1. Of all residues in segment 471-489, which are open to solvent by less than 70 Å² (accessible area, probe 1.4 Å) and either touching a residue at least 12 places away in the same chain (Cβ under 8 Å) or polar (S, T, N, Q) (or both)?
2. Return the pair list, or none, for Cβ contacts closer than 8 Å from residues in segment 375-401 that are polar (S, T, N, Q) to residues that are assigned to a strand (DSSP E or B), at least 6 apart or on different chains.
3. What about ALA269, is it open to solvent by 20 Å² or more (accessible area, probe 1.4 Å) and either at pLDDT below 90 or outside the structural domain of ILE128 (by the TED database) (or both)?
4. Exactly one condition in (1) within 18 Å of ALA453 (Cβ to Cβ); (2) at pLDDT below 80; (3) not β-branched (Val, Ile, Thr) is false for GLU543; which is it?
5. Specify the residue that is farthest from SER263 (Cα to Cα); the eligible residues are those in segment 378-404 that are over 45 Å from the mean Cα position of the chain (by Cα) and open to solvent by less than 20 Å² (accessible area, probe 1.4 Å).
6. Give segment 217-231 a look and list any residue that's in contact with a helix residue (DSSP H, G or I) (Cβ under 9 Å, 6 or more places away or on another chain) and assigned to a helix (DSSP H, G or I), or say none.
Amino acid sequence: MAVSTSFAGAKLEALLFKSSSANTTTSTSRVAPSSSPLSSFCKPIRARRALIQRGVVRCDVSASETSVQTNEPGGSNISALEQLKTSAADRYTKERSSIVVIGLSVHTTPVEIREKLAIPEAEWPRAIGELCGLNHIEEAAVLSTCNRMEIYVVALSQHRGVKEVTEWMSKTSGIPASEICKHRFLLYNKDATQHLFEVSAGLDSLVLGEGQILAQVKQVVKVGQGIVGFGRNISGLFKHAITVGKRVRTETNIAAGAVSVSSAAVELALMKLPESSHTTARMLVIGAGKMGKLVIKHLVAKGCTKMMVVNRSEERVAAIREEINGVEIIYKPLTEMLTCAAEADVVFTSTASETPLFLKEHVKDLPAVDQETGGYRLFVDISVPRNVGSCVGEVETARIYNVDDLKEVVAANKEDRLRKAMEAQAIIADESKQFEAWRDSLETVPTIKKLRAYAERIRAAELEKCLSKMGDDISKKTRKAVDDLSRGIMNKLLHGPMQHLRCDGSDSRTLSETLENMHALNRMFSLETEISVLEQKIRAKVEQTQK
């Protein structure tokens, strides 16, 4: 459903509660439907985004204006809702609220823009409140990470909702709306649902299947609890996305296997060590640059709690130590490199040196490694040019692995993850259908409430008539018995219709029948559910504006 932007504040309140003497303008606009997602998994997110962007709603799309004239005082007394029924705005009473995502990600937007749009977690509740204060936004959520800034909303009107959110993003970030429109992507309803499920499953991440994004989606739900604007549809969407993320990782094991050189280096080293020595092996990292830092992080992720780091200066090592808590990182200068290597079981090298740091003559006299850690000293060299000369391989107690060895591991893991991603798409398609069915089933909730209220009014009126005929001298016990009798009859009569208005959304046939029953009850009892829902939404917007 959608309500015009002109139905705001005091004007909207007047429209609800009295006939206005002024002219009111209602705007309508058409929004091109989003393209359907590609069925195959060859970069599905980017492919879908390209399709969406070809039909993207630009900020400068003009809206056709239709005027609705209200009567002057003394004219025919037409209620606000009757005007809505007979005016061009009646189109909105037939339109279902849309789930929309307005997003900017690492795939579409440079970091200079993303960092200005980023919203810290502590500001998410404020952002949700401001977004839901917009005329056409009912619910909202913010997913802001280093790689993406995505706003999910339930909009009364797709075009107007997108326009309002884009303007809000421009206002809060200082970036012109036209610039945001160049980089954003827009997805609606089923496409928006599938996108979030893919994000939660790690299919839209730079590293396919990475697990951090699932934790960030969980945090959105945690922060949103208790916030009014984090409503039934959006909270249901994000909670379902968490289920999808867990199911994909459990059933496909997509996160297994290293897909970066640094993670592959750690994984390969642990593969070569006896499993019993994973937590006790002595680790040495030479170089604290970008790659060395990633190696340290991957070691920590694998359970390593103590390591030595050799670097030209201590400054970078100190920064890493501050960033990673609960791990003992011992700094040693480059002059002590050979001494440190003598005390290490595994040596990772990642420096920019143009000449080898280790040659055969440096390694052959190093003390032997304990049999508990495999009996070989491992040199894992991820530098180009190489930091470990190939001649080191001639030392009987040493084993060396370079970038080419790691690339094979990475390539194999990437290929495996792509196969698992195809399996994940099948899971996401199944879960998307379940979510859409659940959301469809919510359409019956207003009818359930309206039917019960209708029956309760009749029960209360008839009960009052009955009690008045019985006189004033009836006992409280008798009064209660008659009241209980009337409630029991009402509940038993309503039981059948209520059962046929409820479904869990897992059966498309059942859902179809449920919606047919809903429309039949609306006709039979003149419940006018659509207008009732519109009225409730207008009143809610009035209350938000008055706060």
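The values are calculated or read from the model by the stated rules, or taken from the named source; none is laboratory data. Keep in mind that this is a model prediction, so the values were computed, not measured. Cβ: placed from backbone, ideal geometry, glycine included. Neighbour counts: every protein chain shown. Note: accessible area is taken over every heavy atom of the protein model, side chains too, but ligands, DNA and RNA are not part of it. Shrake-Rupley method; radii C 1.70, N 1.55, O 1.52, S 1.80 Å.
1. Within segment 471-489, SER475, THR478, VAL482, ASP483, SER486 qualify.
2. As it stands, the answer is SER383/THR349; ASN387/ILE286; ASN387/THR349; ASN387/PHE358; ASN387/ASP381; SER390/ILE400; THR397/ARG377, since those pairs meet every condition given.
3. No: the conditions fail for ALA269.
4. GLU543 satisfies all of (1) within 18 Å of ALA453 (Cβ to Cβ); (2) at pLDDT below 80; (3) not β-branched (Val, Ile, Thr) except (1).
5. Checked segment 378-404; the qualifying residue farthest from SER263 (Cα to Cα) is VAL395.
6. VAL217, LYS218, GLN219, VAL220, VAL221, VAL223, GLY224
Here's the yes/no breakdown for (1) in contact with a Cys (Cβ under 9 Å, 6 or more places away or on another chain); (2) at pLDDT 95 or above; (3) more than 20 Å from LYS272 (Cα to Cα):
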position: ALA301; (1), (2), (3): no, no, no
position: ARG321; (1), (2), (3): no, no, yes
position: ILE329; (1), (2), (3): no, yes, yes
position: ASP404; (1), (2), (3): no, no, no
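Here's the yes/no breakdown for (1) in contact with a Phe, Trp or Tyr (Cβ under 6 Å, 6 or more places away or on another chain); (2) under 30 Å from VAL248 (Cβ atoms):
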position	(1), (2)
GLN371	no, no
TYR376	no, no
ASP404	no, no
LEU418	no, yes
MET422	yes, yes
